[in-house]
Amino acid sequence: MEGLMRAGVLHQPHDLRVEEVSIPTVGPDDVLIRVRFNGLCGTDSTEYTKGPMMVPLNVAHPGSGHVGPTTLGHEFIGEVVEAGVNAQAMMGKRLACGAGVSCGTCPRCRQGRTNLCERYYTLGLSIHGGLAEYVAAPAAICVEIPAECSDENAALAQPLAVGIHSVRRANVQPGQRVALLGMGAIGSFICASLIGRGAVVTAMDIDESRLDVATRLGAQNTHLLSRSDTSATLTEKFSDGFDVVFETSGVDGGAERAYALTALGGTVVLVGLNKNPQSLVLAGVVLREINTITTVAHVCATDLPEALELLTKHPLADILLDRVVSLDDVVEGGLERLATGQATGKILVDPRRA
């Protein structure tokens, strides 16, 4: 397909322009997707306000080779309107895209850990993505959306897959006591990923409204954190500890609080990113045999289909969706709302909306 389309292109921090660009071409293994929704996340907002951190505006990305202004958007769904010669079976289908592209041949890819590929790159962060009317994507990282799953719910599949991957990494078992430290976007998707796993979930946050969301997502217990909740006071309040603690906030002191809340022989899952040096006494971690797990992104082949299945059986859009905005309103109504903390849930962009 030839012609022009409208896209949200990041040129520099605080300089995202909705402009006309060429409709991308497809290779033999690619599909061209007419975008129905593109979800915005904290990473998009950070790149817009503080970047470039991941977007290769000035230096070529080693995996994608792309450098320069970049169309954002790594959480997108849509309908295939053109397919390469090896992807004809996808023609006309409604797809969710995992966005992360792996080589398939490096040692980690051969182990099935495609999120750790040596040449990994992400559509919408490392190269042009789905904040546009059309996007080209490898067919291998796209999954057909079940007919019973609405577009609004399917648009949550990529971030939900990240939550599912975190829960899978933790190997959460029925009956385990699980704590979620932080109920922002990723905390909410981890909470949703625990649906049906039989765990007893306690959600913790400084925001009462976020705890209300956690309850709607199935958390059996909530705890409103206060500024006075140190590691010592939390240990006293939850003396039995938790079998699994997800630290999703990434705030200073978050890891310390997570270890303090963990029971003997339990597991801490570090999810939130914090690049500041952290003070942490490891003696107690060692003496209590606390397992430490980290997690990043998702494995498309397993986590994305599970996310779509969960969203089909348990629609979450009514709980997790803040609003839908047009491409023209992506800065003020989307990225700025995220950056200033005004967003109460997921913001979707509909490039078809006037």
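Below is a table of values for the structure above.
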read-out: Boolean, Gly27 is under 20 Å from Leu273 (Cβ atoms) and of a type outside the set (D, E, K, R); value: no
read-out: Filter pass, Ala140 being surrounded by 16 or more Cβ atoms within 10 Å (Cβ to Cβ), out of contact with any helix residue (DSSP H, G or I) (no Cβ under 7 Å at 6 or more places or on another chain) and more than 22 Å from Ala307 (Cβ to Cβ); value: no
read-out: Unmet criterion (only one of (1) polar (S, T, N, Q); (2) within 17 Å of Phe37 (Cβ to Cβ); (3) under 15 Å from the mean Cα position of the chain (by Cα)) for Thr295; value: (2)
read-out: The lone exception for Glu2 - which of (1) within 20 Å of the chain's Cα centre (by Cα); (2) more than 29 Å from Asn153 (Cα to Cα); (3) surrounded by fewer than 18 Cβ atoms within 10 Å (Cβ to Cβ) it fails; value: (1)
read-out: Number of the exception - Arg110 against (1) surrounded by fewer than 19 Cβ atoms within 10 Å (Cβ to Cβ); (2) within 19 Å of the chain's Cα centre (by Cα); value: (2)
read-out: Residues that are among the hydrophobic types (A, V, I, L, M, F, W, C), buried (at least 22 other Cβ atoms within 10 Å of the Cβ) and either more than 22 Å from Phe189 (Cβ to Cβ) or out of contact with any Lys or Arg (no Cβ under 7 Å at 6 or more places or on another chain) (or both), drawn from region 262-280; value: Val268, Val271
read-out: Qualifying residue in region 299-315 (condition: surrounded by fewer than 17 Cβ atoms within 10 Å (Cβ to Cβ), at pLDDT below 95, in a helix (DSSP H, G or I) and touching a helix residue (DSSP H, G or I) at 6+ places or on another chain (Cβ under 8 Å)); value: no
read-out: Residue that is farthest from the chain's Cα centre (by Cα), among those in region 117-150 that are β-branched (Val, Ile, Thr) and within 20 Å of Thr295 (Cβ to Cβ); value: Ile141
read-out: Flag if Thr215 is among the β-branched types (Val, Ile, Thr), farther than 30 Å from Leu4 by Cβ and either within 21 Å of the chain's Cα centre (by Cα) or modelled with pLDDT of 95 or more (or both); value: yes
read-out: The one condition in (1) assigned to a strand (DSSP E or B); (2) over 28 Å from Gly250 (Cα atoms); (3) of a type outside the set (Val, Ile, Thr) that Pro24 fails to fulfil; value: (1)
read-out: Pairs where the first residue, in region 41-66, is within 19 Å of Val101 (Cα to Cα) and at pLDDT 95 or above and the second is surrounded by fewer than 18 Cβ atoms within 10 Å (Cβ to Cβ) and among the hydrophobic types (A, V, I, L, M, F, W, C), C-beta under 6 Å, 6+ apart; value: Pro56/Val67; Ala60/Val67
read-out: Only listed residue being more than 20 Å from Gly98 (Cβ to Cβ), exposed (fewer than 15 other Cβ atoms within 10 Å of the Cβ) and assigned by TED's automatic domain parsing to the domain that holds Lys346, chosen from Glu236, Glu208, Glu148; value: Glu148
read-out: Pick from region 316-348, criterion over 27 Å from Leu194 (Cβ atoms) and in a strand (DSSP E or B), ranking: nearest to the chain's Cα centre (by Cα); value: Val325
read-out: Conditions (1) buried (at least 24 other Cβ atoms within 10 Å of the Cβ); (2) within 13 Å of Leu123 (Cα to Cα); (3) in contact with a strand residue (DSSP E or B) (Cβ under 7 Å, 6 or more places away or on another chain): number failed by Tyr48; value: (2)
read-out: Single residue of region 206-220 satisfying the filter (touching a residue at least 40 places away in the same chain (Cβ under 8 Å) and of a type outside the set (S, T, N, Q)) that is nearest to Ser249 (Cα to Cα); value: Val213
read-out: Pick from region 187-205, criterion assigned to a loop (DSSP other than H, G, I, E, B) and in contact with a Pro (Cβ under 8 Å, 6 or more places away or on another chain), ranking: surrounded by the fewest Cβ atoms within 10 Å (Cβ to Cβ); value: Gly198
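The values are calculated or read from the model by the stated rules, or taken from the named source; none is laboratory data. Treat the numbers as computed from the prediction; the structure is a model and nothing was measured. Heads up, the Cβs are rebuilt from the backbone with ideal geometry, glycines too, and the neighbour counts pull from every protein chain shown.
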